[in-house]
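Some notes on the structure that comes next.
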Amino acid sequence: MRSAILHVDIDAFFAAIEQQRDPRLKGRPVIVGAGVIASCSYEARAFGLRAGMRLSDARRLCPQAVILEGHAQVYRCYAEEIFARCRALAPAVETYLDEAYCDLTGTERLHGDLLEAARGLKRDIRAATGLAVTCGLGPNRMLAKLIGKTVKPDGLQRLDAGGADAFMRDQPVERVAGVGHAHARTLRSMNIRTAGEMRALPLAALERLFGANGRLLHERCRGRDTAAVSEREIPVSISRETSFHRDTADRVEIEGMLEYLVGRACRTARGLGIRPGTVAVRLRYGDGESAECARSLATPSDADPVALALALELLRRQFTRRVALHALGVTFSNFTRAGGEQGALFDEPEAGRRAALYRAFDRVRADFGHGILVSGRALHLKGRLAEDEHGFVLRTPSLTK
């Protein structure tokens, strides 16, 4: 049975949604971001703008650009609407922020021509959301994504196994799955610019250069990628972060924001039925310096007070410079599946009551929005930050989390 993987990429994701929601923005250069570009429309890209560029540089290159801070919850709803249609088409779907891999292997008897099935998916997504997606169909994940890149935006292209070798040979080394910026610098310093030139390196040489990843790169530069498409039931990490609207050294505001971010992350973990074992707090100062510290919980827990106590300790340990903070973030990792909350024998009744309380909070927030309940230090943010039905309006770094 020949493998068939469909890669679905939402074109100019955040910016396209803003253009869809406000028809006055159609045809105009649109940027979504705060501090840096998180997403920009194709009209903005014509001026040389790209994701990750500082807004100050973007304004210089394109003074007429419309700059928006964005709405993370709205984007998530659009993504889920698109991914639901992918799941209706494929038995296995793996989703990320603005893209999905759909395993269509063995579904020809159901769908007929898979290229036509992908074309139908594009029409369905456009009718439901107004958004354009680019689809690439290939014999594996890497090739499906790469062939899609050749027809962006709003394109559809197929690459058969027979043409994979010739197609891959001329690809820049940066496009080989697993080659990041550091690996690419190493390869280019050796005058290796394409996947075809990379094939001249023996397996042993790649392993010496890149360790265990060298074996994967040896296969992928030849167009071979055996990574399976699978639902990621447990994420690697859950992050919530924001830039302050103005740099601040006010500990009341900083600790209030940290409590709010921890609460958002804990709610997400409970919704996935997982508990974090490690908490990390990340700071970025107004002068550009950064700091990050992580520690493990004594026992994995999805309870707000448990995670918050450790997060506050990490904050106080790091926030020692006499410089205002520009951004703050919290990351959970090392998850375990939720069972009964573990603890000492005499703590069990309290643990059970606490778990029931936060489950009740989650039900209320699911019905009326996260912002309906604000407690503890986060109450100090009332009146300082703008709010909508989802809670306090966070700035752009949260959009990609």
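When R24, R76 are screened for being over 17 Å from the mean Cα position of the chain (by Cα), part of a helix (DSSP H, G or I) and surrounded by fewer than 21 Cβ atoms within 10 Å (Cβ to Cβ), only R24 passes. If the condition is being in contact with an Asp or Glu (Cβ under 6 Å, 6 or more places away or on another chain) and free of Cβ contacts under 8 Å to residues at least 40 places away in the same chain, then the stretch 309-328 contributes no residue at all.
Within the stretch 100-140, the set of residues being free of Cβ contacts under 8 Å to residues at least 12 places away in the same chain, basic (K, R) and within 18 Å of F83 (Cβ to Cβ) comprises R123, R126.
Looking at the stretch 226-254, which of the residues that are surrounded by 14 or more Cβ atoms within 10 Å (Cβ to Cβ) and under 18 Å from C86 (Cβ atoms) is modelled with the highest pLDDT? The qualifying residue modelled with the highest pLDDT is V229. Within the stretch 45-71, residues that are outside the structural domain of I17 (by TED's automatic domain parsing) and among the hydroxyl-bearing types (S, T, Y) reach no partner that is part of a strand (DSSP E or B) and surrounded by 13 or more Cβ atoms within 10 Å (Cβ to Cβ) with beta carbons closer than 9 Å at six or more positions or on different chains. Out of all the residues in the stretch 263-276, is one or more in contact with a Leu (Cβ under 9 Å, 6 or more places away or on another chain), in a strand (DSSP E or B), in contact (Cβ under 8 Å) with a residue 12 or more places away in the chain and on the phi < 0 side of the Ramachandran plot? Within the stretch 263-276, one or more residues are in contact with a Leu (Cβ under 9 Å, 6 or more places away or on another chain), in a strand (DSSP E or B), in contact (Cβ under 8 Å) with a residue 12 or more places away in the chain and on the phi < 0 side of the Ramachandran plot. Listed by position, the helices (runs of 4 or more DSSP H) enclosed by the stretch 123-225 that each have at least 3 residues that are out of contact with any strand residue (DSSP E or B) (no Cβ under 8 Å at 6 or more places or on another chain) are 161-169, 181-189, 195-198, 203-210, 213-220. Test S239 against the criterion of being assigned to a loop (DSSP other than H, G, I, E, B) and under 24 Å from the mean Cα position of the chain (by Cα), and give yes or no. The answer is no for S239.
Figure legend. Inter-residue proximity from the stretch 367-381: first residues closer than 13 Å to L308 by Cα and touching a residue at least 60 places away in the same chain (Cβ under 8 Å), second residues small (G, A, S) and part of a helix (DSSP H, G or I), beta-carbon distance below 6 Å, spacing 6+ or different chains. Indicated pairs: R377/G256; A378/G256. Among the residues of the stretch 212-225, none is identified as free of Cβ contacts under 8 Å to residues at least 60 places away in the same chain, surrounded by 21 or more Cβ atoms within 10 Å (Cβ to Cβ) and of a type in the set (D, E, K, R). Taken over the stretch 229-258, the criterion of being of a type in the set (G, A, S) and without any contact (Cβ under 8 Å) to a residue 12 or more places away in the chain is satisfied by no residue.
Within the stretch 37-73, the only residue that satisfies the criterion of being surrounded by 20 or more Cβ atoms within 10 Å (Cβ to Cβ) and on the phi > 0 side of the Ramachandran plot is G70. Somewhere in the stretch 295-308, is a residue outside any strand (DSSP E or B) and free of Cβ contacts under 8 Å to residues at least 12 places away in the same chain? Yes, the conditions are met somewhere in the stretch 295-308. Could you please let me know if G178 is under 24 Å from the mean Cα position of the chain (by Cα) and within 22 Å of Y101 (Cβ to Cβ)? Yes, satisfied. How many residues, within the stretch 97-121, are at pLDDT 95 or above, more than 15 Å from I5 (Cα to Cα) and surrounded by 19 or more Cβ atoms within 10 Å (Cβ to Cβ)? Of the residues in that region, 0 qualify.
The values are calculated or read from the model by the stated rules, or taken from the named source; none is laboratory data. The structure displayed is predicted, hence computed values, not measured ones. Counting neighbours? That spans all protein chains shown, and the Cβs are built from the backbone with ideal geometry, glycine included.
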